[in-house]
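Contents: one structure, followed by commentary.
The values are calculated or read from the model by the stated rules, or taken from the named source; none is laboratory data. Given the structure is predicted, the values throughout are model-derived calculations rather than measurements. Positions of Cβ are generated from backbone atoms using ideal geometry, with glycine treated the same way; all protein chains shown enter the neighbour counts. Keep in mind that these areas ignore ligands, DNA and RNA; they rest on the heavy atoms of the full protein, side chains included. Shrake-Rupley method; radii C 1.70, N 1.55, O 1.52, S 1.80 Å.
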Amino acid sequence: MSLKPEESLVLDAVRNNGRASIRDIAGKTGIAETTARDILHRLERTKVVRGYGADINPEALGIRTRTWLIVSMPDDDPERALEILHKDLGVERTCLLPDRPDCIGVWMSAASGARLAVKMATWAQHGLRVLEQHPLCGMENVGRKDLQEEDPETWFRLMRLEV
Amino acid sequence: MKQAPERALDRTNLRILEELTKNGRKSYSDIAETLNCSINTVRDRMFAMERRGVIRGYHARIDEAMLGRPLRCLVFLEAESGIQRPAELAKGLQLPGVLSAELTTGPYALIVEIAATDMAGLHDLIRTSIYPLGFRKAKVMQVGPPASALVATSHPVQAFDHGEKALVHVGDA
C-alpha cells in the first residue's frame, strides 16, 4: 500500500519517537490534532504500525556482550538443533538466510564473553557450528558503575517480548 | 566519603520496562493500574530511567513489507580509510527503510539492517545515500523470516517473499 503524504509525515513522527503525543505529532507535522489522531489510528488499524516498543540499554540490565552470528545447521535433525538454539535465553532473534540455506543468522547477547563462549560450545555438541561472528559493540557505557545491575534475565525476557 | 551507586532498577522499574517493551505507548495511568501503583511513581521512574540512559527512546514497530519494502537485508559496511568515528557516520543513516545500524569490529565498521523494494532499490540506496556518508564496499546478505517458525510448526507460514528456498531446505532435511 502507498501512503498519502500526511500519513507518511505521521509515520515518520512516531518511527523513532513512539511516545510522541498527538500534540507533538501535530506540532511537528503541521497537521491538525484531530487529523493526526485519525491518521495514527488508521495506521494502527491497518497494521502498518504493528505496535510500539522501548529502546532499552542492554548494559543497564547486565549485558556485556552482543554479537551477530552465522550458525550452520546439522544435517541430521536440524529441527532439534533449532529448538535447542531457541531455548537459549540469550538468543534475541534468529533469521533464515536465503543465500545460505544450511545456515541461520542469530542475534545473541550474554552477560560476558566467557558465557557466550560456553554457550557456543554447548551448541557445537548439537551440531550447531558458528561460522562467522561479528561483535556488536554499541556498548559505550561499559564500566559505568551506576548502570551495572547484573540482571541479564530481564533483558532476555524483554527481548522475547520485543520479537 | 564515596557513596555506593544508587541501585536504579528495582522490581517496579523492571516491571515498567516490561510494560513499555510490550507497548511503548502505554499511558502512565494504564501502567500504574497494571502495576497497582500511583501515576506519579510510574512517571518519576520513567523520567529517571530516561535521564540515566536506561531507556534510550521509544519506537514504532512498522511493517515495512506493507509499505512496499518486502526485501530485508543485512548490509556490512567498511568505513573509508581515515574515518575515525564510524559512530558519527552511523547517525547519518536515518534513511527510509533503514531499520537498525550497529557498530561492529573486524573487517566491517557497521552492520545495517535495511528493508527495500528489491535488490536494485537496495543497491541504489547504498550507492546514492550510504556511500557518500563515508562508507565504501558493502557486503549484502539477505535476511529471511525468523528461524523459530520452523520450530513452532512442521508447515511454516510462507509469509515472507524471499525465504522459501531456505524454508524448503531445512524443512526437508
Self-check item: Test result for B:Gly24, of a type outside the set (Phe, Trp, Tyr), free of Cβ contacts under 8 Å to residues at least 60 places away in the same chain and either assigned to a loop (DSSP other than H, G, I, E, B) or within 10 Å of chain A (Cβ to nearest Cβ) (or both)
Solution: yes
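Per-residue answers, yes or no, for (1) under 16 Å from the mean Cα position of the chain (by Cα); (2) more than 30 Å from A:Asp88 (Cβ to Cβ):
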site	(1), (2)
B:Glu64	yes, no
B:Phe76	yes, no
B:Ser81	no, yes
B:Ala90	yes, no
B:Leu122	no, yes
B:Thr128	no, yes
B:Lys139	no, no
B:Pro146	yes, no
Practice problem: Go through the range A:95-122 and give me each residue that's open to solvent by 10 Å² or more (accessible area, probe 1.4 Å) and closer than 20 Å to B:Gln142 by Cβ. | Solution: A:Asp99, A:Arg100, A:Pro101, A:Asp102, A:Trp107
Practice problem: Taking only the range A:75-95 into account, find how many residues are assigned to a loop (DSSP other than H, G, I, E, B) and more than 9 Å from every other protein chain (Cβ to nearest Cβ). | Solution: 3
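Please find, within the range A:2-15, the residue that is surrounded by the fewest Cβ atoms within 10 Å (Cβ to Cβ) out of those that are within 8 Å of chain B (Cβ to nearest Cβ) and not in a helix (DSSP H, G or I).
For the range A:2-15, the residue satisfying everything is A:Ser2.
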Exercise. Could you please give the count of residues in the range B:97-115 that are under 13 Å from the mean Cα position of the chain (by Cα) and not in a strand (DSSP E or B)?
Key: 1
Exercise. Restricting attention to the range A:16-70, report how many residues are more than 9 Å from chain B (Cβ to nearest Cβ) and not in a helix (DSSP H, G or I).
Key: 9
Quiz item: In this structure, does B:Arg43 turn out to be assigned to a helix (DSSP H, G or I), more than 9 Å from chain A (Cβ to nearest Cβ) and within 29 Å of B:Thr21 (Cα to Cα)?
Solution: yes
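Determine whether B:Gly106 is at pLDDT below 90 and in contact with a Gly (Cβ under 9 Å, 6 or more places away or on another chain).
When the stated conditions are applied, B:Gly106 does not pass them.
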Quiz item: Here are A:Asp38, A:Asp75: which of them is out of contact with any Cys (no Cβ under 6 Å at 6 or more places or on another chain) and modelled with pLDDT under 95?
Solution: A:Asp75
